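Presented below is the structure to which this report refers.
The values are calculated or read from the model by the stated rules, or taken from the named source; none is laboratory data. Fair warning: this is a prediction, and the values are worked out from it, not measured in the lab. Here Cβ is always computed from backbone atoms with ideal geometry, including for glycine, and neighbour counts include all displayed protein chains. With ligands, DNA and RNA removed, areas are computed over all heavy atoms of the protein, side chains included. Shrake-Rupley method; radii C 1.70, N 1.55, O 1.52, S 1.80 Å.
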Amino acid sequence: MKKVLALLYGLAAYLFFFGTFLYAIGFVGNVVVPKSIDTGKTVPLGVALVIDAVLLSLFALQHSIMARQAFKQQWTRLVSWHVERSTFVVAASAVLALLLWQWRPIPGTIWDLRRTTLGGLLQVTFWVGWGILLVSTFLINHFELFGLAQVWAYFRGQEVHRLSFKTPALYKMVRHPIYLGFVVAFWSAPVMTVGHLVFSVATTGYILVGIYFEERDLLHIYGEAYRNYRARVPMLIPLLKFGKDDQDKRESAKVKSSAA
C-alpha cells in the first residue's frame, strides 16, 4: 500500500507541475489563459511592486533552499527519499501557482514591436525558448527531474542510482540549457510592459544566482569532471566564455601540479 500511495503521489505531483507549467507559458506570453502577466486587477505602482517582489522572492527562496544538498540531507530524515523529489515538485508548483494567481500587472510600455519583423521574430523565439527548456529536461532525465522515476522505482522495488555525469547535445553548447530556455522565453516579448520587464529582470537575476549555488553542489558531487566541463563550456550563451572559465583552468592545473 505504501508503494501504491507513493506512486499515486508522484503522479499527482507531476500532473500538478505540468498543468502549472502550461499555464505559466500562457501567462508569460499573454496567450490563451484568462489571467496573464499583463492582465488582471491593477493597483498603485508601489503596492504592485511590493506584491510582485514578495511573490518572486517566495519562488526563489523555495527553489534555493529545497534544492540544496544540505537541506536534502536533513529533509530526507522526515520525508522518504522516494518522494523527496515529488515533494519538491509540489512545493515549487504551489509557489508558482501562487505567483500566477496573485501577480499584479504594472502598465506602461517599454517597447511595442507588434506588426514588425522583429516582433514576429520575438514571437518565434518565445516558443523556441520553451522548446529548448523542455527538450533539455529529456536530454538528462525528464522523469527523474520531476520525481516520477523515483516513485516508479520504489513501486517496482528497484534502487535508484545517481546519474553519471554526462553532457548530451545541448549540454555540449552551454552548461545550463534549461535556464537558457527560460531566459529566451522571458525576454521574447513583442510587447514589453513595465510589469513584464520587472518579471524578466528579477527571474534572470535569480537564475544567475541559482546557477552559482547549483554549480557549487555539482562541483561537490562530480569534482574534477565538472570542473573540466565548466572550463570548456560556456554557462548560458553559446560560444561565449567569461573569465571564470580561465580561473577554472588555472585551478585545475594547480590540482594536477600538486598531485604530481
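Could you grab me the full set of residues in segment 117-148 that are polar (S, T, N, Q) and out of contact with any Leu (no Cβ under 9 Å at 6 or more places or on another chain)? Of everything in segment 117-148, those that are polar (S, T, N, Q) and out of contact with any Leu (no Cβ under 9 Å at 6 or more places or on another chain) turn out to be 117, 123, 125. The residues of segment 109-124 that are surrounded by 15 or more Cβ atoms within 10 Å (Cβ to Cβ) and of a type in the set (S, T, N, Q) amount to a single one, 123. Number of residues in segment 59-104 that are touching a residue at least 40 places away in the same chain (Cβ under 8 Å), of a type in the set (D, E, K, R) and in a helix (DSSP H, G or I) equals 2. Restricting attention to segment 37-58 and to residues that are part of a loop (DSSP other than H, G, I, E, B) and touching a residue at least 12 places away in the same chain (Cβ under 8 Å), the residue that is surrounded by the fewest Cβ atoms within 10 Å (Cβ to Cβ) turns out to be 41.
Taking segment 223-260, which residues are among the small types (Gly, Ala, Ser), at pLDDT 90 or above and not in a helix (DSSP H, G or I)?
Pass one, segment 223-260, residues among the small types (Gly, Ala, Ser): 223, 225, 231, 243, 252-253, 257-260.
Going one step further and asking which of them are at pLDDT 90 or above, we end up with 223, 225, 231.
223, the sole residue that qualifies.
What residue, among those in segment 20-32 that are without any contact (Cβ under 8 Å) to a residue 12 or more places away in the chain and more than 16 Å from the chain's Cα centre (by Cα), is surrounded by the most Cβ atoms within 10 Å (Cβ to Cβ)? Looking at the filtered set, the residue picked out is 26. Residues in segment 186-200 that are open to solvent by less than 30 Å² (accessible area, probe 1.4 Å) and aliphatic (A, V, I, L, M): 2 in all. On inspection, residue 203 does not qualify as polar (S, T, N, Q), open to solvent by less than 50 Å² (accessible area, probe 1.4 Å) and more than 21 Å from residue 133 (Cα to Cα). The sole residue among 183, 89, 83, 135 that is hydrophobic (A, V, I, L, M, F, W, C), modelled with pLDDT under 95 and surrounded by 14 or more Cβ atoms within 10 Å (Cβ to Cβ) is 83.
Would you point out the residue of segment 206-232, among those that are hydroxyl-bearing (Ser, Thr, Tyr) and farther than 16 Å from residue 64 by Cβ, that is surrounded by the fewest Cβ atoms within 10 Å (Cβ to Cβ)? Give the derivation first.
Kept after step one, since they are hydroxyl-bearing (Ser, Thr, Tyr), are these residues of segment 206-232: 206, 212, 222, 226, 229.
Now narrow it down to the ones that are farther than 16 Å from residue 64 by Cβ: 222, 226, 229.
Values: 222: 15, 226: 19, 229: 19.
In this case the residue turns out to be 222.
Kindly indicate whether any position in segment 214-222 is at pLDDT 75 or above, touching a Phe, Trp or Tyr at 6+ places or on another chain (Cβ under 6 Å), hydrophobic (A, V, I, L, M, F, W, C) and under 30 Å from residue 57 (Cβ atoms). Within segment 214-222, one or more residues are at pLDDT 75 or above, touching a Phe, Trp or Tyr at 6+ places or on another chain (Cβ under 6 Å), hydrophobic (A, V, I, L, M, F, W, C) and under 30 Å from residue 57 (Cβ atoms).
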